[in-house]
Structure formats: C-alpha cells, structure tokens
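Just below is one structure, and these are the notes that go with it.
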Amino acid sequence: MKLDRIDRMAAKLTNGEERIYASGDITEGTTEKFLAFVHQHNVEAATVSFNSPGGSLVEGMKLGHAIRALEFSTTVGGFQPKYDPTVNPKTICASACVYAFAGGTGRYIDQYTGRLGVHQFYSNDDAGVSGETAQQVSGLVVAYLDQMGVDAKAFTLSTFANRDGVIWLSPSEALELRFANNGVELPTAEIKLANMTPYLKLEQNKASATIRILFNCYKKQVHFVFGIVTDPTTSGMIGENQKRSYLELDNKEFLAVPGKTGARANQSVVWLERSMTPSTLLQVLEADSVGGWVDGFGAVRYGGTLDMPTVRAKAAEFAKQCYGL
C-alpha cells in the first residue's frame with residue numbers, strides 16, 4: 001500500500017487534521033508501514049483517505065485497530081495535492097479495505113467521496129475455506145465490526161456477494177449500517193457513582209460537539225442534566241451572555257427557561273438542568289434526538305443533540321428503577 005500526505009499548512013483548513021492517502025492492496029505488513037509513516041511525519045490528528053480494492057482480511061482488521069487506537073478518521077478518496085472534484089468519486093474502498101475503513105472514529109461517506117464495497121472473504125488456496133474455518137473467521141469479523149460500532153448486518157450482506165462480486169453501498173446504506181457515521185459516534189450509556197449514589201451518564205461525540213446527559217435519582221424523582229462540552233473560556237462566555245436556554249425533542253422546543261438561570265457554566269461544560277415529572281421524562285425517553293441549546297448571540301445559538309435510539313432502553317430502565325416501578 002502506498003502512503004501520501006497533505007502538508008500541515010493545508011491541514012489548518014480542516015481543523016488541524018492532516019490527510020493521509022492510502023492506496024493499493026492491503027498486504028501483510030501494511031499496518032507496520034502505516035504506523036512508521038505516522039511516526040516519521042509526527043502526525044497527531046488525521047483523516048485516512050482510502051483508495052484500495054482490498055487484500056488481506058486479517059491485515060485490514062489489524063489496520064483498522066491501529067487507526068482506532070490513534071483516533072484517526074477515515075474516508076474514501078484519491079491523492080490530489082490540488083483539489084479536483086472528479087477524483088474522489090472514481091475511487092473505491094472494497095473487500096478488506098472496508099474493515100480498515102471501519103477503524104475510523106469519524107467515517108465519512110457521501111456523494112462527493114469514493115464508494116464502499118463489501119465482499120465475501122475467501123482463500124486463495126484452491127481448496128477454499130472449510131466450514132469450520134469459515135465459522136471461526138465469521139465470528140472474528142462480526143466481533144470486530146461490533147467493536148468498531150458497525151452493524152453486524154454489514155457482514156451478513158457481504159455473504160450475498162459471490163467470489164467475483166462486490167456489493168456497493170450507497171451513502172444512505174453506509175450510514176444505516178453504521179459503516180459511515182460522518183463524524184457522529186454512537187452514544188454510550190454508563191452507570192456512574194457520585195457520593196455513593198448511582199447516576200446514568202449518556203455521552204455522544206460528534207464533529208460539532210460532545211454531548212452529555214445525566215439522569216440523577218433523588219427521593220424517587222429523576223433529575224435531568226444536559227451538558228455541552230467545550231472549553232473553560234467558551235463555556236464562561238456562553239453562561240454570561242445567555243438570554244434563554246431550552247431543550248429540544250426531535251427538533252421541537254421543550255422546557256425553555258428565559259434569562260440567565262437556565263444554563264450554568266462549570267469549567268469546560270455548559271449544563272442545562274431540568275426537573276422532570278414522569279410525563280415530561282416520558283417525552284424525553286420517547287424522542288429520537290434530545291438537544292440542548294443556549295441563545296444569546298443574535299442569530300447564532302450554541303448547543304447540540306444526542307441520538308437516543310441505541311441508549312433509550314438503558315435510560316428507561318434507570319427511570320423505572322428510580323420511580324420504583
């Protein structure tokens with residue numbers, strides 16, 4: 001696999017991320033070559049742009065693990081020191097390449113990038129892959145996809161392709177299977193302790209912001225706190241300039257508070273605290289997206305949203321236990 005990169009001056013136009021272009025077959029040793037390249041050029045943040053027909057399945061997953069450990073993003077595109085809009089749509093990331101692509105924390109696919117193609121794994125040996133080996137490899141691939149946050153249905157889809165065929169994913173299909181997330185990671189849900197009292201913490205990283213939602217249980221009532229993670233200077237400015245704050249459920253305004261009392265800044269986080277009745281909490285739990293916003297900068301508002309579907313069950317279970325149901 002050949003590796004190229006855009007210089008650091010160009011990286012300033014992409015939030016400090018450099019662009020590493022990886023083209024050609026993924027073969028044994030590709031991961032070591034990639035890590036040496038990163039070390040040699042002192043790359044700290046990057047998007048890896050693939051243009052590869054595939055190669056070694058095991059090496060593809062190994063490369064994906066390395067990309068995830070570095071917290072790099074991935075996309076599909078070709079090396080172009082000077083921008084040419086016709087280059088990227090002609091590129092591909094297929095077969096073993098999609099498993100390397102899956103390692104990105106942000107995985108970007110749209111109508112302007114190249115294409116992702118899933119392919120059934122096979123052996124170059126004329127004897128083919130035995131049933132036992134196929135079962136073992138299938139288990140490893142499914143476990144890998146799950147760890148990377150990709151829907152395991154993606155592997156099932158690949159089994160429908162024959163040895164010589166590739167199933168090409170549209171941008172919407174890539175998003176549906178979570179092969180792509182376009183900068184939005186799946187939210188996490190974790191029970192934490194504060195002063196020996198458990199609370200539920202939901203968190204989701206997006207390209208625009210990191211969002212936290214805390215569910216606290218006090219005297220059999222759920223207290224809801226929405227957090228927007230930024231930096232101390234920005235959070236302080238937001239707190240001082242706020243004219244109103246509000247939640248949003250599926251883009252509809254909810255529990256607005258006028259003035260400067262609805263949101264508070266604490267170090268690097270802006271918090272919107274709201275007391276919940278069972279009925280208002282139910283509305284939160286039924287929403288597909290829960291947002292928190294602060295107005296105070298003219299036509300500009302500050303905040304973000306958290307996607308609820310994959311963490312809804314854990315939030316509902318916490319509320320159920322809090323209310324003693």
- Under 8 Å between Cβ atoms, at least 6 apart or on separate chains: pull out the pairs that start in the stretch 193-206 with a residue that is under 28 Å from Thr105 (Cβ atoms) and end on any residue that is open to solvent by less than 50 Å² (accessible area, probe 1.4 Å) and of a type in the set (Gly, Ala, Ser). Leu200/Ala189; Leu200/Ala315; Lys201/Ala189; Leu202/Ala189; Leu202/Ala315; Lys206/Gly183; Lys206/Gly304
- Task: For the stretch 286-298, indicate whether the set of residues that are aliphatic (A, V, I, L, M), part of a helix (DSSP H, G or I) and open to solvent by less than 40 Å² (accessible area, probe 1.4 Å) is non-empty.
- Result: no
- Query: Considering only residues of the stretch 31-53 that are in contact with a Cys (Cβ under 8 Å, 6 or more places away or on another chain) and open to solvent by 10 Å² or more (accessible area, probe 1.4 Å), which is nearest to Arg68 (Cα to Cα)?
  - Reply: Asn51
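Residue by residue through the stretch 303-325, note down the ones that are touching a residue at least 24 places away in the same chain (Cβ under 8 Å) and out of contact with any Ser or Thr (no Cβ under 8 Å at 6 or more places or on another chain).
Initially, the stretch 303-325 is screened for residues touching a residue at least 24 places away in the same chain (Cβ under 8 Å), giving 303-308, 310-312, 314-316, 318-319, 321-324.
Hits for the stretch 303-325 are Gly303, Thr310, Arg312, Lys314, Ala315, Ala316, Phe318, Ala319, Gln321, Cys322, Tyr323, Gly324.
Would you pick out the residues in the stretch 239-256 that are part of a strand (DSSP E or B) and either open to solvent by 100 Å² or more (accessible area, probe 1.4 Å) or over 19 Å from Leu214 (Cα atoms) (or both)?
Step one: filter the stretch 239-256 for residues part of a strand (DSSP E or B), giving 244-249, 252-256.
Once the filter is applied, which keeps residues that are part of a strand (DSSP E or B) and either open to solvent by 100 Å² or more (accessible area, probe 1.4 Å) or over 19 Å from Leu214 (Cα atoms) (or both), the stretch 239-256 yields Arg244, Lys252, Glu253.
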- Among the numbered conditions (1) open to solvent by 20 Å² or more (accessible area, probe 1.4 Å); (2) at pLDDT 90 or above; (3) under 23 Å from Arg19 (Cα atoms); (4) of a type outside the set (A, V, I, L, M, F, W, C), tell me where Gly117 comes up short. (1)
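May I ask you to list the residues in the stretch 62-72 that are open to solvent by 10 Å² or more (accessible area, probe 1.4 Å) and either within 11 Å of Ala22 (Cβ to Cβ) or of a type in the set (Asp, Glu) (or both)?
The first filter runs over the stretch 62-72 and keeps only residues open to solvent by 10 Å² or more (accessible area, probe 1.4 Å), leaving 62, 65-66, 68-71.
The answer is Glu71, and nothing else.
If you check Gly236 against the conditions, is it over 22 Å from Ala209 (Cα atoms), surrounded by fewer than 17 Cβ atoms within 10 Å (Cβ to Cβ) and touching a residue at least 12 places away in the same chain (Cβ under 8 Å)?
For Gly236, the condition - over 22 Å from Ala209 (Cα atoms), surrounded by fewer than 17 Cβ atoms within 10 Å (Cβ to Cβ) and touching a residue at least 12 places away in the same chain (Cβ under 8 Å) - is not met.
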- Item | Selection from the stretch 73-86 of residues that are at pLDDT 90 or above and either open to solvent by 60 Å² or more (accessible area, probe 1.4 Å) or part of a loop (DSSP other than H, G, I, E, B) (or both) | Gly77, Gly78
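Within the stretch 177-223, track down each residue that is of a type in the set (Lys, Arg) and under 27 Å from Gly324 (Cβ atoms).
Just the residues of the stretch 177-223 that are of a type in the set (Lys, Arg), to begin with: 178, 192, 201, 206, 212, 219-220.
Answer for the stretch 177-223, where residues must be of a type in the set (Lys, Arg) and under 27 Å from Gly324 (Cβ atoms): Lys192, Lys201, Arg212, Lys219, Lys220.
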- Please specify each residue of the stretch 306-318 satisfying the condition of being part of a helix (DSSP H, G or I) and open to solvent by 10 Å² or more (accessible area, probe 1.4 Å). Arg312, Ala313, Lys314, Ala316, Glu317, Phe318
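Select from the stretch 15-51 the residues that are part of a strand (DSSP E or B) and closer than 17 Å to Ala94 by Cα and list them in ascending order. Outline the logic, then answer.
The initial filter retains those residues of the stretch 15-51 that are part of a strand (DSSP E or B), namely 18-23, 26, 46-51.
Result: Tyr21, Ala22, Ser23, Ile26, Val48, Ser49, Phe50, Asn51.
Here is a list: Thr261, Thr280. Which entry is surrounded by fewer than 19 Cβ atoms within 10 Å (Cβ to Cβ), without any contact (Cβ under 8 Å) to a residue 40 or more places away in the chain and assigned to a loop (DSSP other than H, G, I, E, B)?
Going through Thr261, Thr280 in turn, just one is surrounded by fewer than 19 Cβ atoms within 10 Å (Cβ to Cβ), without any contact (Cβ under 8 Å) to a residue 40 or more places away in the chain and assigned to a loop (DSSP other than H, G, I, E, B): Thr261.
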- Message: If Val58 meets every condition in (1) on the phi > 0 side of the Ramachandran plot; (2) open to solvent by 60 Å² or more (accessible area, probe 1.4 Å) apart from one, which number is that one?
- Response: (1)
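The values are calculated or read from the model by the stated rules, or taken from the named source; none is laboratory data. All of these numbers come straight from a predicted model, not from anything done at the bench. Virtual Cβ from ideal backbone geometry, glycine too; neighbours counted across all protein chains shown. We work out accessible area using only protein heavy atoms, side chains counted, and drop any ligands, DNA or RNA first. Shrake-Rupley method; radii C 1.70, N 1.55, O 1.52, S 1.80 Å.
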